[in-house]
Each structure stands twice: as structure tokens, then as C-alpha cells.
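Structure first, then comments.
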Amino acid sequence: MNRNEQGILLAPDRALGISEKALWLAGQGSGSWFELMGTEDEKIVQIKRYSPTGFLEFDSRFELQGNLNFTPKEPYAFDYPSHFKHCTLVQHGQKFKFVNCTV
């Protein structure tokens, strides 16, 4: 796996089955592909996480915490911490915490 000068894992080639909409979240030790899908409810999103090789690690519904307005159709990025219990997204400089509805 390729890394930059700071040791951050660079995005690998997108494995078969990982959507073009999925975003790479790099880290020191590893990284993951995250895919977000909006739902009819503005506070609920579907998030999938894939390993660098394309293994589906989870596919769950997440609920936005707080009274913020997140718009899935506008640009966003995944940020740390993002894992099975909750995912952090950044949009227009604001952080959003989504908590897994199945936990």
C-alpha cells in the first residue's frame, strides 16, 4: 500500500463492487471506503464501510445527532472518528455526528 510523507495511507484502486460515490478516509495505520446514501428522513442515512480490498465491513442506518441540517446531496467528507457505532461527517466546515441506529 502506498503512503505519503506523513505515513498516511493513500487511496488504493477502487475494488470491484465499491461505488464511485464512496469516499476514502485515510489514516496512519489503515483506511476505509465509506459510502453514504440518503433516505426519505433527513435525519437518517445509510452508511456502508469497505476495507481497502473491497470487503463490506458494515452496512447500517445512522441517525444525525443534534439540531443540525445535513444535506446528503451537497459535498461532504468523512472524518475521524468514523466506525460502526458512529460516523463523523464534515460539510461546509461543520461537523456532524451520526449514531448507528442498530447499536
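Values in this text are rule-based calculations from the coordinates and carry no lab data. These figures come from a predicted structure and were not determined experimentally. Positions of Cβ are generated from backbone atoms using ideal geometry, with glycine treated the same way; all protein chains shown enter the neighbour counts.
Of the residues F62, F78, F70, F58, the single one that is in contact with a strand residue (DSSP E or B) (Cβ under 6 Å, 6 or more places away or on another chain), assigned to a loop (DSSP other than H, G, I, E, B) and in contact (Cβ under 8 Å) with a residue 24 or more places away in the chain is F70. Every condition in (1) surrounded by 13 or more Cβ atoms within 10 Å (Cβ to Cβ); (2) touching a Phe, Trp or Tyr at 6+ places or on another chain (Cβ under 8 Å); (3) of a type outside the set (V, I, T) holds for K43 except the one numbered (2).
Take the conditions at positive phi and surrounded by 13 or more Cβ atoms within 10 Å (Cβ to Cβ) and apply them to G54. Does it pass?
Yes.
Scanning the stretch 22-55 for residues that are closer than 13 Å to C101 by Cα and in contact (Cβ under 8 Å) with a residue 40 or more places away in the chain yields I44, V45, I47.
Quick grid of which residues meet (1) over 15 Å from C87 (Cβ atoms); (2) under 13 Å from the mean Cα position of the chain (by Cα); (3) not in a strand (DSSP E or B):
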{"site": "A11", "(1), (2), (3)": "yes, no, yes"}
{"site": "A15", "(1), (2), (3)": "yes, no, yes"}
{"site": "S19", "(1), (2), (3)": "yes, yes, yes"}
{"site": "W24", "(1), (2), (3)": "no, yes, no"}
{"site": "F34", "(1), (2), (3)": "no, yes, no"}
{"site": "E40", "(1), (2), (3)": "yes, no, yes"}
{"site": "Q46", "(1), (2), (3)": "no, yes, no"}
{"site": "R49", "(1), (2), (3)": "no, yes, no"}
{"site": "T53", "(1), (2), (3)": "yes, no, yes"}
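Flag: S19 matches the condition of being without any contact (Cβ under 8 Å) to a residue 60 or more places away in the chain, in contact with a strand residue (DSSP E or B) (Cβ under 8 Å, 6 or more places away or on another chain), over 17 Å from K97 (Cβ atoms) and among the small types (G, A, S).
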